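Participant: Encoded as structure tokens, here's the structure I'll be asking about.
The values are calculated or read from the model by the stated rules, or taken from the named source; none is laboratory data. Quick caveat: nothing in here was measured; it's all calculated off a predicted structure. Virtual Cβ from ideal backbone geometry, glycine too; neighbours counted across all protein chains shown. When the accessible area is computed, the model is the full protein with side chains, heavy atoms only, and any ligands, DNA or RNA have been set aside. Shrake-Rupley method; radii C 1.70, N 1.55, O 1.52, S 1.80 Å.
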Amino acid sequence: MINFESVKKASRILALKTEEEKNNALVSISNALKENADEILIENQKDLTFAKDNGIKESMIARLKLSKEQIFAIAEDVLSVKNLSDPIGEVIDDYITKDGLNIKKVRVPLGVIGIIYESRPNVTVDVSVLCIKTGNAVVLKGGKEAKNTNIYLTKLIKKAIKNYIPEDSIMLLEDREETNELLKAKGNVDLIIPRGSKNLINFVTENSLVPVIETGAGVCHTYVEKTADFNMAIKIIDNAKTSKPSVCNALETLLIDRDIIKDFAPILEEFAAKKGVNIYANKETLKYIKANLIDDDAYNTEYNSMDLNVKVVDGISDAISHIEKYSTKHSEAIITSDNDKKEEFLNSIDSACVYANASTRFSDGGCFGFGAEIGISTQKLHARGPMGLKEITSYKYKITGNGEVR
């Protein structure tokens, strides 16, 4: 049995730490990453060997692999978080009631946050740092493919913070069986955030007694409306699909207005051939474009690779209907020169991030000016879209009176 009470106790101590103490812990983490980069790479190589020997798909291996440059970049990101304003203690509202009570609404940590994630060992650092900054303790559960890297990183972080905040503020679970204990740790764990595949997210939401925020699964769409500028469209499609295909804000399904498909198809085919993108389409769309045949049900596929679904649609209403059916509520975009169509799309699509004439790859806490993110929520309670520091806090009311009774 995992002793989640120790991390809960640590969270109470951490919640009272000053901004200076928390920032000192972050500086220590950043220095430790740089000083131990070579050792991190040794552990990471063990995981890469395991992944390749066990047939783990290339998109997962791409997420898993670290380089020395990446480790130093992660260390610099830690300092970026350190330089962000500490939200804890922020007075959100302050007023006097008719009874003479002074009520202050004050931002506080959530407590203990559990993160279940796959492949990316940088998440171990990113999440730990965000939680420390906001006074939250964290329970980490990475995938088996990154086990060695995550164990080493966690030991490094715990050693780095021990002079400033409790070591038990960070806990790493190593076995799959421990995941079930985490999901049942109601009372000691306040929130669980799964980051990864749809299967992972569904497993967590269906089995957790602890509140869950769904993040990560991204079947993202881009709709090329009939008035779109073709050069702009290809530029956006290229960025959204090929710049980093393994991430959740990458383009997975391209919708093209039937009125322009004959003119746009050759341009798209040329782009796909040049960039190595594999196009998949249903029988109707194959009348206009060279592609691999799929059933309509496959339009809910999150490839995380250089594969792209394409579908011809009959105008904006058909595009919106398709997105409503297959979207994971992450990020969708329209490319158009028609202002009315732009507004219709932005107002009608019920996803966390809705774009006009821009790439879905901007769905990111850093790009949104949050400095960092702990995940991208695809639900509406209590956070939606990129989750920065404030999204992993709660609030309480501090009420001061002078002998008032009711």
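Participant: Can you give me the % of accessible surface on the range 332-406 that is carbon or sulfur? Probe 1.4 Å, all protein chains present, nothing else counted.
Facilitator: 46 percent
Participant: To continue, here is another question. What FRET efficiency do you get for VAL106 and ASN207 if R0 is 25 Å and r is their Cβ-Cβ distance, rounded to the nearest 0.05? List each step's numbers first, then the result.
Facilitator: Working: r = 34 Å, r/R0 = 1.35.
FRET efficiency, VAL106 to ASN207: 0.15.
Participant: Sum up the charges of everything whose Cβ sits under 14 Å from the Cβ of THR285, counting Lys and Arg as +1 and Asp and Glu as -1, but leave THR285 out.
Facilitator: So the environment of THR285 carries a net charge of -1.
Participant: First compute the accessible area of the range 56-141 with a 1.4 Å probe, then give the percent of it belonging to carbon and sulfur atoms.
Facilitator: Working: 1700 of 3350 Å².
Here carbon and sulfur together make up 51 percent of the probe-accessible area.
Participant: What whole-number volume per residue, in cubic angstrom, does the convex hull of the C-alpha atoms of the chain give?
Facilitator: Details: hull volume 67.9 nm³, N = 406.
In the chain, the Cα convex hull volume per residue is 167 Å³.
Participant: On to the next question. Beta carbons within 10 angstrom, averaged per residue: use that to sort the peptides 83-89, 348-354, highest first.
Facilitator: Peptide ranking by packing, descending: 348-354, 83-89.
Participant: Additional query: Roughly how many Å² is the accessible area per residue of the chain, as a whole number, for a 1.4 Å probe?
Facilitator: 46 Å²
Participant: Moving on. Report, in listed order, any pair from LYS82/LYS390; LYS46/LYS155; LYS17/LYS162; LYS22/LYS184; LYS283/LYS325; LYS9/LYS380 with a Cα-Cα distance greater than 21 Å.
Facilitator: Going by Cα-Cα distance, LYS22/LYS184; LYS9/LYS380 fall outside the 21 Å limit.
Participant: Let me ask something else. Enumerate by residue number the trypsin sites (Lys or Arg not before Pro) in the range 176-284 meeting two conditions: DSSP loop (anything except H, G, I, E, B), and at most 15 other Cβ atoms within 10 Å of the site's Cβ. Each step should come with its number before you reach the end.
Facilitator: Details: sites: ARG176, LYS184, LYS186, ARG195, LYS198, LYS226, LYS235, LYS241, ARG258, LYS262, LYS274, LYS275, LYS283; in loops: LYS184, LYS226, ARG258, LYS283.
Filter output for the range 176-284: LYS184, ARG258, LYS283.
Participant: Helix-only mean residue ellipticity at 222 nm, the chain, DSSP H runs n ≥ 4 weighted -39,500 (n - 2.57), per residue, nearest 500. What is it?
Facilitator: Helix-only estimate at 222 nm: -12500 deg cm²/dmol.
Participant: Moving to a separate point now. Among the trypsin sites (Lys or Arg not before Pro) within the range 330-386, which fall in a DSSP loop and have no more than 15 other Cβ atoms within 10 Å of their own Cβ?
Facilitator: Within the range 330-386, the qualifying trypsin sites (Lys or Arg not before Pro) (loop, at most 15 other Cβ atoms within 10 Å) are LYS380.
Participant: Follow-up. In the neighborhood of ALA51, defined by Cβ-to-Cβ distances under 12 Å, what is the net charge if each Lys or Arg adds +1 and each Asp or Glu adds -1?
Facilitator: Details: positive: LYS46, LYS52, LYS57, ARG63, LYS65, LYS144, LYS147; negative: ASP47, ASP53, GLU58, GLU118, GLU145.
Spelling it out: positives minus negatives among the neighbours equals +2.
Participant: Starting from the Cα of ALA298, step 7 Å along the direction of its Cβ; do the same at TYR95; then give the gap between the two resulting points in nm.
Facilitator: Going from the ALA298 label point to the TYR95 one covers 5.6 nm.
Participant: Given the peptides 250-257, 48-55, arrange them by the average over their residues of other C-beta atoms within 10 Å, most packed first.
Facilitator: On the way: 250-257: 26.0, 48-55: 12.9.
Put in order of decreasing packing, that is 250-257, 48-55.
Participant: While we're on this one: Amide H to amide H, which residues 5 or more places from LEU251 or on other chains are under 5 Å from it, using H placed in the peptide plane?
Facilitator: LYS241
Participant: Pull up the cross-link candidates among the aspartates and glutamates for LYS68, meaning alpha carbon to alpha carbon under 15 Å and not fewer than 8 places away within one chain.
Facilitator: GLU35, ASP38, GLU39, GLU43, GLU76, ASP77
Participant: I would also like to ask the following. If packing is taken as the average count of other Cβ atoms within 10 Å, what order do 103-112, 146-155 fall into, highest mean first?
Facilitator: Sorting 103-112, 146-155 by mean packing, highest first, produces 146-155, 103-112.
Participant: So which of LYS198/LYS290; LYS65/LYS147; LYS141/LYS329 end up more than 19 Å apart, counting from Cα to Cα?
Facilitator: Listed pairs above 19 Å: LYS198/LYS290; LYS141/LYS329.
Participant: The range 168-310: Rg/Rh from Cα coordinates, Kirkwood Rh?
Facilitator: Answer for the range 168-310: 1.13.
Participant: How many angstrom lie between the Cα centre of the range 323-352 and the Cα centre of the range 111-131?
Facilitator: Measuring centre to centre over Cα atoms gives 31 Å.
Participant: Quick check: Cα centre of the range 164-217 to Cα centre of the range 219-264, how many Å?
Facilitator: Centre-to-centre (Cα) distance: 35 Å.
Participant: On a straight-distance basis, which aspartates and glutamates could pair with LYS262 in a cross-link, Cα separation under 17 angstrom, same-chain partners fewer than 8 positions away excluded?
Facilitator: The qualifying aspartates and glutamates are GLU225, ASP229, GLU270, GLU284, ASP314.
Participant: Taking every pair of distinct Cα atoms and averaging 1/r, then inverting, what Kirkwood hydrodynamic radius in Å comes out for the range 1-65?
Facilitator: 15.2 Å
Participant: If you count the DSSP beta bridges with both ends in the chain, what percent of them are antiparallel, to the nearest 5?
Facilitator: 30 percent
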